[in-house]
Amino acid sequence: MTDQPAMTSPVGLIAGTGVLPFAVADVLTKRGAAPVIFALKGFCDPREVQRFRHHWIGLGKFGALVSLLKAERCRDITLIGGLVRPSLSDLKLDFGALALIPAFIAGLRGGDDHLLTTTAGFFESRGFRVLGIRDLAPELLMPEGCMTRARPDRDAEADIARGCDLLRAISPFDVGQAAVVIDGHVVSVEDIEGTDALLARVARLRAEGRLRGKPGRGVLVKAPKQGQDLRLDLPAVGPRTVEGLAAAGLAGAAIAAGQAVVAEPQAMVEAADKAGVFMVGVLA
């Protein structure tokens, strides 16, 4: 948790893909706060969003979004869920965002963290407070320690340490937030396609006989970039991650404790126990 003043209600959730926006909305509702979802067209799930007060908004319609946020009295907001990195032409910026074109061009030339920071700065400059999951729903963060019946052995712990070292080393380049290490060898690093694609790549390499390590060895290590704004784009894991681990023949995953999100913790642990893989929270 941060030392910020108490969260105000209603809270605006600018929502992309995945289950995370709705998991946060559920937590806020249970806490007595009123979530309002500003669903990005073409990204947010149209079925799930119906459960909450919501508005649909086009990508790049920043002026319209600011007006809606103010109309709903949302002082506190968050940017949450997946989003395919847009080009400037994809954004179709409205009149309210025209003055920001130079900043967005600079943001698009940088990495994902640079672009997200630029976007957050836009809202902060208009009087909104941008919060993260650590502020809104800390119960969704990965806990420290092993969550599953399976536990990492000494070899897996060595792979975890190597993966953490690697992610720290590549942080300045603002690339992926995950890597796969098998028996001390860095097999693959997450790229723009994300963790699911990373695990699918490892599964393909194994099927092609290009990996020497036996199935049931090796780990996925996942952690945010060093110096990353932890309000934005925290790593996320869930049941789908477990499916990818099993298909890739890995022993388990080590996730940065307190710095990654588990949207469906019970389902994830049940899936991991069934697959015989471990899920452990580590201090990365």
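Details
- Between 0 and 90 degrees, the angle of helix 265-275 with respect to the longest Cα principal axis of the chain falls at about 20 degrees.
- Formal net charge of residues neighbouring Gly12 (Cβ-Cβ distance under 11 Å; K, R +1; D, E -1): +3
- Rounded tilt (10° steps) of 239-248 against the dominant C-alpha axis of the chain: 30 degrees
- Potential extension, Thr17-His185 segment - 0.36 nm per residue separation minus Cα distance: 57.2 nm
- Placing R0 at 41 angstrom, the Cβ-Cβ distance between Asp45 and Glu157 gives a FRET efficiency of 0.65 after rounding to 0.05.
- Three-way shape call for the range 135-284 based on the alpha-carbon gyration tensor, with the a/c threshold at 1.5: oblate
- The mean sequence separation of alpha-carbon pairs under 8 Å and at least six residues apart, normalised by the residue count of the chain, gives a relative contact order of 18 percent.
- Relative contact order for the range 6-65: 34 percent, from Cα pairs under 8 Å spaced at least 6 residues apart, divided by residue count.
- Degrees separating the helix 62-71 axis from the principal Cα axis of the chain, which is the longest one: 70 degrees
- Measuring against 29 Å, Cα to Cα, the residue pairs Lys222/Lys274; Lys214/Lys274; Lys41/Lys70; Lys30/Lys225 contain Lys30/Lys225 as the ones spanning a longer distance.
- In range of the label at Asp273: residues from the range 119-163 whose backbone nitrogen is under 20 Å from the point 7 Å along Cα→Cβ: 140-153
- Of the peptides 186-199, 236-249, the ranking by mean beta-carbon count within 10 Å, highest at the top, reads 236-249, 186-199.
- Shape class of the chain from the alpha-carbon gyration tensor: prolate, with a/c at 1.5 or above and a/b greater than b/c.
Each reported figure results from applying straightforward, stated rules to the coordinates on display, with no laboratory input. In this text, all values refer to a predicted model and were calculated from it rather than measured experimentally. Cβ coordinates were reconstructed from backbone atoms using ideal geometry, including for glycine residues, and neighbour counts include every protein chain displayed.
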